[in-house]
Amino acid sequence: DRLPWAPRLELWYRARSTQGTLPPKYAGKSLPQIREMLGCGHSGRDAPIYRTEYVGGVETRVEETETRLRKTYVTPVGEVDELFRVDNEAKRKGYSTTDGKAEYIVKDDPKTFEVVRYLFENTRFVPLYDEYNQYQKEMGETGEAVPQGGYDPFWRLMEEFVGLSYVYFIHNDHPREMDMLCDVLGERQNDLHRLLVDSPARVFVHGSH
């Protein structure tokens, strides 16, 4: 009989709790209790439905400094890495701990494409259906648990693996290799969609919104 209101209170709650600046009437309250006090719904956007793992001898190595976090993927055909900027001020305030990528795993070097291809081919999605059902149970009637279904292959290349600033340059210089990576990511996306279709979820998000 009216439009639902389901704000992303988890971002506000985490930051305010970390900083100790929750308004007095919400002090000591859990996030579900505050939602009930406000009469708002739960967006359900963080519902767990799967986890990602690597097979085929792929290993990951993480090195973190005060301002940078480097993640290296070690495969039987070589290594690739990505570099994240660490925002310690945001971390202290309860916001995101990283502030974007300084380097991506796909670089303007033909040798990296086969390594990245191997990484993609050996990525697997493991169902977390029990965790999803528990998440929905805890939500009750305050909302619908809506798991994320991932992005289309080219967007993932732009956002996660190449970078918005360089994706078209690299695609122009290495069209066959980039199309190959898109094809492999498309196969993995099909795997994920099958997992979601077989899941107890009634709806899932494909893309961002």
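Just to be sure before I move on: is Glu82 of a type outside the set (Lys, Arg), surrounded by 13 or more Cβ atoms within 10 Å (Cβ to Cβ) and modelled with pLDDT of 90 or more in the structure I sent?
So Glu82 passes the test.
Quick check on my filter: what residues within the stretch 160-205 are of a type in the set (Val, Ile, Thr), out of contact with any helix residue (DSSP H, G or I) (no Cβ under 6 Å at 6 or more places or on another chain) and free of Cβ contacts under 8 Å to residues at least 24 places away in the same chain?
Val197
Looking only at the stretch 13-27, count every residue that is of a type outside the set (Val, Ile, Thr) and open to solvent by less than 80 Å² (accessible area, probe 1.4 Å) and tell me the total.
9
Filter the stretch 102-158 down to the residues that are of a type in the set (Asp, Glu), free of Cβ contacts under 8 Å to residues at least 60 places away in the same chain and within 21 Å of Val197 (Cα to Cα), then identify the one that is least open to solvent (accessible area, probe 1.4 Å).
Within the stretch 102-158, the match that is least open to solvent (accessible area, probe 1.4 Å) is Asp152.
The values are calculated or read from the model by the stated rules, or taken from the named source; none is laboratory data. Computed from a prediction, not measured in an experiment: that's the story for all the values here. Reconstructed Cβ throughout: ideal geometry from the backbone, glycine too, with neighbour counts over all protein chains shown. What goes into the accessible areas is simple: the full protein's heavy atoms, side chains included, and nothing from ligands, DNA or RNA. Shrake-Rupley method; radii C 1.70, N 1.55, O 1.52, S 1.80 Å.
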